[in-house]
Every structure is written in C-alpha cells, then in structure tokens.
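One structure is given here, and the rest of the page talks about it.
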Amino acid sequence: MPSVRDLRDRIRALKNTQQITKAMKQVAASKIRRAEAARRQARPYADAMSAMLRDLIDSVGSVDHPFMKPGRDGAPKGLVVMTADKGLAGAFNANLTRTADLYQRTDPAVVFYAVGIKGRNTLRRLPPPTAFSTALSAAPTLDTAREVAARVSADFTSGAISEIVLISPKLVTMMSQRPETRTIVPIIAEKREAASSPRAEVEFAPSPEAVLTRLLPKYLEFELFSAMLETEASFFAAQLVAMNAATDNATKLIDELTTVMNKARQAAITKEILEIVGGAEALAG
C-alpha cells in the first residue's frame, strides 16, 4: 500500500493538473466563440458566391477553364487533409488522419497536402508522399488558404494530380465533430429544376465566361478558407469537451486518493498507538 507521503504527492500533482485543465477549458471556451463568430461572418459571402457561381454556370454553355474539366487520366488524386496544430482534444486529430489513411488504402495513388502540424507529423509516416505542408495558424488564415489553393491549383493544372479532395472536420454539435470527405475540383455543374416563378435576368460584364474564369480560383480559395475556419471551431469544441472530462476525472481521482490517504493515515496512527500500548504493558509487566 502506498505511504501517506506518496499519496499526498499524487494528490498535489493531480490538483496541479486540474488547474491546468480548468485553464485550458476556459481558453477553449473563449476561442470557440471567436471561431464561431468568424464562421458566421464568412457565411453571407459563401452564400453569395455559391449563388453567383450557379448563375454563371447556367448562363454559359461551356467555359475553357481547367477546374470545369476532368483531370489528367492516370494522375493520382490530391488529398488535402486539415487537422489542428495542437493536441489535447481527444480523438479529434486521430479521426481525421484515420480517415485519410482509410482513403489511401482504398485508392493508394494519392498525394497528400497537409494543413495542420498534427496531420503533417502523422502523414509523414504513411507511404504516399506529402507534397506540401503548412501549419493551420502559422499566418493569417486567408493567406494560408491562398497559399494552399495556389499549390494545389498549380498541381492540378499541370496534370500532377487528377482531383482535389478535401478531408476536414464538420462541426455538427459541440459534442460531435465528424470528418467529411468531398471533391472540390473538378467542379461538376448540377442541373437545377425549373423555377416555379420567373427569375430576374442577370447581366455579366465583360461576359459570363470571363467572370467565371476569374471567380473559380476565388471559389477554391474560399472553400479552403471556410474549411480552415470550420477546423479551428471544431478543434476548440473538441478541446473544450476533452478538458471538461479531464477536469471531472481529476476531481474523482482526488476524492478517491484522499479517501485512501485518510485510511492509510488512520492505520498508521492506530499502529503507533498499539505499539505504544504494547510497550507500556511490557514495561508494567
């Protein structure tokens, strides 16, 4: 059985750990509010861009842009994997890298593009090469999104990769963050049903083709930017849940060890009293 001193040291260490987890929980709670605000601010722009992109695709018969055409036959797919830069968030990062690993097992011919330090460190141990890696929060998020978009666009246009597939977390609720896999390039035009009411006619200058050619690179940048905002919000939500659970577990362990320490101290006191009584009786006899 551990001594009273050992138990007291363990309790002190658990209390120090509990203070750290409480502080991290408060930090995650404050940061997730800012991340959620950034997502809400970006949503109107995303909706407007999606609507404009649909109108443009409906207005043109065909556009001579690589993003609207299939990639080169035989080229590997480009897999953009987004994770956080830090851990202590439960299985958040592991779920994303496991999704990338399962995708690579079904389609071995892939090229990884890692966004996030945790994903970069994990993907380096997998057989496919990592063509590009960057931290999620090393620079302003929009600049990082532009850098990633420029790299994957250049590889897709040159024929080095045939598709751009994105693996990123989806913030379902504060308790649930689900990895999501979707192809963002090439862009497949979806046929829309005829509107029940007449739609306003939109005029584009200089031409729908020219506007669409300028808009498609911005579309890719903003898709990556939105995914990075979603990743940050999902990470802080996962960290908040993990730190809350760690704080509760530390409280339970402290209570259990305190009970054990009290029993050990009572046993030690009882043993000393018995030795004193036994010694006194021996002297009296």
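Numbers below:
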| read-out | value |
| --- | --- |
| Relative contact order computed over the chain (Cα-Cα under 8 Å; 6+ residues apart), in percent | 30 |
| Cross-link pairs beyond the 24 Å C-alpha cut-off, checked among LYS15/LYS263; LYS22/LYS170; LYS31/LYS252; LYS22/LYS252; LYS86/LYS252 | LYS22/LYS170; LYS31/LYS252; LYS86/LYS252 |
| For segment 1-153: rounded, prolate or oblate by the Cα gyration tensor [a/c cutoff 1.5] | oblate |
| Between helix 208-284 and the chain: long-axis angle, C-alpha atoms, 0 to 90°, nearest 10 | 10 |
| Ellipticity estimate at 222 nm from DSSP helix runs (n ≥ 4, -39,500 (n - 2.57)) divided over the chain, nearest 500 | -22000 deg cm²/dmol |
| ILE20, ILE254, ILE32, ILE188 arranged by Cβ crowding within 10 Å, fewest neighbours leading | ILE188, ILE20, ILE254, ILE32 |
| Relative contact order for segment 51-112, counting Cα pairs under 8 Å that sit 6 or more residues apart, in percent | 39 |
| With Cα atoms, 0 to 90° folded angle of helix 141-158 axis to the chain main axis | 50 |
| Relative counts (whole %) of C-alpha pair distances in the chain, using bins that are 5 Å wide | 1, 5, 10, 12, 12, 11, 10, 8, 6, 5, 4, 3, 3, 2, 2, 2, 1, 1, 1, 1, 0, 0, 0, 0 |
| Under 18 Å from LYS118, Cα to Cα: aspartates and glutamates that are on another chain or at least 8 residues apart | ASP85, ASP101, GLU180, GLU230, GLU232 |
| Order of LYS77, LYS263 under a 10 Å beta carbon neighbour criterion, fewest first | LYS263, LYS77 |
| Net charge contributed by nearby residues that have their C-beta within less than 10 Å of GLY159 (K/R +1, D/E -1) | -1 |
| Burial ranking of peptide ranges 210-222, 265-277, 33-45 (average Cβ count within 10 Å, highest at the top) | 210-222, 33-45, 265-277 |
| Degrees separating the helix 92-106 axis from the principal Cα axis of the chain, which is the longest one | 50 |
| Segment 44-118-segment 216-255 distance, computed between alpha-carbon centres (Å) | 20 |
| 10 Å-binned pair-distance histogram of segment 90-193 (Cα, whole percent) | 13, 43, 35, 9, 1 |
| Relative contact order [Cα under 8 Å, 6+ residues apart], segment 17-126, whole percent | 25 |
| Share antiparallel - DSSP beta bridges, the chain, percent rounded to 5 | 40 |
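Rule-based calculations on the coordinates, nothing more; no lab input. The structure displayed is predicted, hence computed values, not measured ones. Positions of Cβ are backbone-derived with ideal geometry, glycine not excepted, and every protein chain shown enters the neighbour counts.
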